[in-house]
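Asks: Sharing a structure here in structure tokens format.
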Amino acid sequence: MMMKFGSFKFFYILLFFVHILQSNADFTTEKYHQINITQGTGPESIAFDCKGEGPYVGISDGRVLKWKGSKFGWTEFAISSPFRKRSLCDGSTNSNLEPLCGRPLGLKFNTETCRLYIADAYFGLSVVGPYGGVAKRLAISAEGIPFRFTNGIDIDINTGMIYFTDSSIIFQRRDVDSLLRSTDRTGRLLKYDPYTRKVYVLYDGLVFPNGVALSMNRSFVLVAESTRMRILKFNLGGEEKIESNAPEVFAELPRVPDNIKRNENGEFWVALNTGRSGTAPNDIPDPIAIKFNQEAKVLKRLDGNGAIAFNSISEVKEFKSKLYIGSVTKPYVSILDV
Ligand SMILES: *[C@@H]1O[C@H](CO)[C@@H](O)[C@H](O)[C@H]1NC(C)=O
Ligand SMILES: *[C@@H]1O[C@H](CO)[C@@H](O)[C@H](O)[C@H]1NC(C)=O
């Protein structure tokens, strides 16, 4: 293709741009900072509300917290477990309490209504208004099969439809390591229709489906299949039915993907759960997240350079020229300037 232009110069200019696009996004400590969380740990997903306030995060003790700036810190915003006991749950990092306390994983504001939708690993899909409180449960099963591990979420702002995943109908979140080692393929991609209040199974038989992200014009939805280290693409028809049963493979990944977040340009950040446990030498590639365009072209690879801060990444959320990085195990949100 390059030769059509009859010029080697063009070829080298092209190589140069390919290099720029694919070079590791480097960061220095000046560009990195973190917001510590003392109330619990594991801010797996990050959301901003319709006024641009936040971030909001769901943590290990079952609460959704809102960051109110360095003066006021984190404040409790919502809970998704109707049975949550403060005396037992507040501050908990014990995963065996999650079935009681809740574990809000996927968070997404409908910026039209300012309502926050929560995919809680144990309490299904729920919603809470702009002032927070106890979230109202919307769905706990589909086609008669209870959710077991509700996980990723995205919303079609135009139609109000909610796309989410149930990672398995057998394994719970606290058994996530067993799920990753298993051959379980009971994960489902689901859609909640707020008008009919019904949940539709868009696709089942998935291997640990995790993050979900709609494309900018909602012509497709991406789903991370964690165990298989790949991103699937489901085309959505005009009536939002999955057109063909077979999804396409959007991308194969070097590490286990977790959440996928679209930025305002319609590009996707895929967080890679690195599974590292120490520092790695600097010269070994250490991808912690990859940014794709809608055509699955790699735009950027975020390299962790072996930094311990990035041992376990669950989400990269781009917001106002910053990357907010969540983790299911760390007691802070990392922030990088872009
Ligand atoms: C956040 O936690 C880290 C590690 O414990 C600590 O070094 C840092 O000073 C803390 N930052 C703030 C603002 O408290
Ligand atoms: C949506 O965007 C895709 C590019 O990602 C384009 O191919 C498609 O035609 C668009 N669909 C509509 C209905 O605009």
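Asks: Could you state the angle between the C-alpha long axis of helix 8-22 and the longest principal axis of the C-alpha atoms of the chain, as a value from 0 to 90 degrees rounded to the nearest 10?
Replies: The angle comes out at about 20 degrees.
Asks: Right, something else. When only DSSP loop residues count, what GluC sites (Glu not before Pro) in the range 61-156 have their Cβ near at most 11 other Cβ atoms within 10 Å?
Replies: GLU112, GLU143
Asks: Also, quick follow-up: Full extension from ILE140 to GLU295: what is 0.36 nm times the residue separation minus their Cα-Cα distance, to one decimal in nm?
Replies: 52.4 nm
Asks: Another one. So what is the 222 nm mean residue ellipticity for the chain from helices alone, if each DSSP H run of at least 4 adds -39500 (n - 2.57) and you divide by all residues, rounding to the nearest 500 deg cm²/dmol?
Replies: Helix contribution divided over all residues of the chain: -2500 deg cm²/dmol.
Asks: Run the dipole for the chain about the Cα centre, Lys and Arg Cβ at +1, Asp and Glu Cβ at -1, nothing else charged, and hand back the magnitude in debye, nearest 20.
Replies: Here the size comes out at about 400 debye.
Asks: Which residue, GLY205, ALA121, SER95, has the largest displacement toward the positive end of the dipole of the range 37-337 when charges sit on each Cβ (Lys, Arg +1; Asp, Glu -1)?
Replies: SER95
Asks: What is the sum of charges, Lys and Arg at +1 and Asp and Glu at -1, for the other residues whose Cβ falls under 9 Å from the Cβ of ASN259?
Replies: That works out to -1.
Asks: Moving on to the next point. On average, how much accessible surface per residue is there in the range 37-337, in Å², for a 1.4 Å probe, leaving out ligands, DNA and RNA?
Replies: 40
Asks: Rule-of-thumb check for the chain: C-alpha Rg over 2.2 N^0.38 Å?
Replies: In units of the 2.2 N^0.38 Å rule of thumb, it is 0.98.
Asks: Also: Which residue, SER95, SER45, SER126, tops the fluctuation ranking in a GNM of the chain built on C-alpha contacts under 10 Å?
Replies: Comparing SER95, SER45, SER126 in the GNM, the peak value goes to SER95.
Asks: What does the extension gain come out to for ALA246 and LYS51, with contour length at 0.36 nm per residue minus their alpha carbon separation?
Replies: Extending this stretch completely gives an extra 66.4 nm.
Asks: Okay, next question. Which of the listed residues, LEU65, SER168, LEU189, is farthest toward the dipole's positive end in the chain, when Lys, Arg count +1 and Asp, Glu count -1 at the beta-carbon?
Replies: Value: LEU65.
Asks: Can you send over the carbon and sulfur percentage of the accessible area for the range 37-337, probe radius 1.4 Å, protein chains only?
Replies: 48
The values are calculated or read from the model by the stated rules, or taken from the named source; none is laboratory data. Model, not experiment: these values are computed from the prediction. Methodologically, a virtual Cβ is constructed for each residue, glycine included, from the backbone with ideal geometry; neighbour enumeration extends over all protein chains shown. Please note that ligands, DNA and RNA were not included when accessible areas were found on the heavy atoms of the full protein model with its side chains. Shrake-Rupley method; radii C 1.70, N 1.55, O 1.52, S 1.80 Å.
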